[in-house]
Amino acid sequence: GRDYELKVYNAQGDMSTLASIMTAIKSDHPDLLMVISTPTLQAALRQAGAETKIVFTGVGDAVQAGAGKSETEHLPNVTGITTRSPFDGMARIIRETLPRVRAVGTLFTPAEINSVLYKDWFKEALAKQGIELVALPVTSSAEVAQSAAELCTQDIQALAQIVDNLTRPGFALIARKAAENNLPVYVFESSQMGDNSVIYVARDYYDAGLEAAQKAVRVLRGERPGDIPFSNTQSERLLLNYQLAQKYRLTLPESVTA
């Protein structure tokens with residue numbers, strides 16, 4: 001109302017609604033379109049029009065999402081902040097807190113490119129620590145509870161849920177199944193710490209939003225998005241539920257408790 005006029009659209013996870021939103025945005029010719037999440041970025045790239053300036057956040061890998069060839073060589077109308085989770089850091093924390101861990105479980109969504117990438121990156125990070133990743137696919141929200149129950153029957157010593165747009169709404173069910181099977185839960189999103197999770201190691205999405213806003217301001221002031229490199233958020237936080245750590249008899253090194 002003073003420096004800019006803001007319109008907020010929410011597709012509520014429905015892809016057909018998202019397509020309709022992008023059609024409306026293209027006809028409105030906004031000065032800037034800010035998108036949150038990989039599916040939203042991909043829809044914007046397909047439908048918002050090459051003349052629409054886009055700033056993204058909440059995206060695991062913008063290059064894989066189709067926004068360019070690299071962080072510096074990308075589409076001229078796009079820039080933003082990626083939020084790749086700290087997989088190496090999480091793998092190290094799991095090894096330190098569960099010294100005898102052999103395998104960790106997670107659910108992933110094959111239809112979401114960011115989910116598949118996160119699964120592969122996490123698997124690689126865990127392998128460096130001598131830990132196997134047991135990953136089960138989920139194709140719909142109706143499958144989350146059943147897949148979580150099946151995951152907990154595997155030979156795993158903990159559950160570490162990667163972040164994607166399908167498992168996020170059903171995370172409480174995932175955590176409940178883990179608790180029923182006496183499995184500690186590690187997460188990459190702070191909002192999930194209230195659902196029986198023991199440790200959170202993640203990029204901070206709020207801080208990432210502020211970083212994306214800084215790039216948005218540069219675009220609104222006249223810089224070309226194509227001249228602004230993509231970058232991963234610099235924020236990283238660790239939270240510990242001490243009571244659950246005691247319940248699961250986790251080892252707590254200074255790197256966790258400090």
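The values are calculated or read from the model by the stated rules, or taken from the named source; none is laboratory data. Being a predicted model, the structure only gives us computed values, none of them experimental. Cβ coordinates were reconstructed from backbone atoms using ideal geometry, including for glycine residues, and neighbour counts include every protein chain displayed. Surface areas here come from the heavy atoms of the whole protein model, side chains and all, with no ligands, DNA or RNA. Shrake-Rupley method; radii C 1.70, N 1.55, O 1.52, S 1.80 Å.
A few comments on the model shown:
- Leading residue by the ranking (nearest to Leu6 (Cα to Cα)) among those in the stretch 200-218 that are among the aliphatic types (A, V, I, L, M) and under 16 Å from the mean Cα position of the chain (by Cα): Ala212
- Subset of the stretch 67-104 (residues that are farther than 18 Å from Leu240 by Cβ, in contact with a helix residue (DSSP H, G or I) (Cβ under 8 Å, 6 or more places away or on another chain) and of a type outside the set (Val, Ile, Thr)): Ala67, Lys69, Ser70, Glu71, His74, Leu75, Pro76, Asn77, Gly80, Arg84, Phe87, Asp88
- Note on the stretch 199-258: residues that are open to solvent by 20 Å² or more (accessible area, probe 1.4 Å), in contact with a helix residue (DSSP H, G or I) (Cβ under 7 Å, 6 or more places away or on another chain) and assigned to a helix (DSSP H, G or I) total 1.
- Some residue of the stretch 76-98 being within 27 Å of Ala48 (Cα to Cα), over 21 Å from the mean Cα position of the chain (by Cα) and in contact (Cβ under 8 Å) with a residue 40 or more places away in the chain: yes
- First in the stretch 8-31 and open to solvent by 90 Å² or more (accessible area, probe 1.4 Å), second anywhere and part of a helix (DSSP H, G or I) and of a type in the set (S, T, N, Q), Cβ under 7 Å, 6 or more apart: Lys26/Gln47
Rundown of residues vs (1) touching a Ser or Thr at 6+ places or on another chain (Cβ under 9 Å); (2) closer than 24 Å to Thr233 by Cβ; (3) assigned to a loop (DSSP other than H, G, I, E, B), yes/no style:
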| residue | (1), (2), (3) |
| --- | --- |
| Val8 | no, yes, yes |
| Ala11 | yes, yes, yes |
| Thr17 | no, no, no |
| Ser20 | no, no, no |
| Ile25 | yes, no, no |
| Ala43 | no, yes, no |
| Thr52 | no, yes, yes |
| Gly58 | yes, yes, no |
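- Restricting the stretch 164-189 to residues that are acidic (Asp, Glu) and closer than 18 Å to Gly58 by Cα, the residue that is modelled with the lowest pLDDT: Glu189
- Number of the condition not met by Ala65 [criteria: (1) in a loop (DSSP other than H, G, I, E, B); (2) small (Gly, Ala, Ser); (3) under 18 Å from Gln47 (Cα atoms)]: (1)
- Against the list (1) of a type outside the set (Asp, Glu); (2) in a strand (DSSP E or B); (3) open to solvent by less than 70 Å² (accessible area, probe 1.4 Å); (4) at pLDDT below 90, the condition Gln192 fails is (2).
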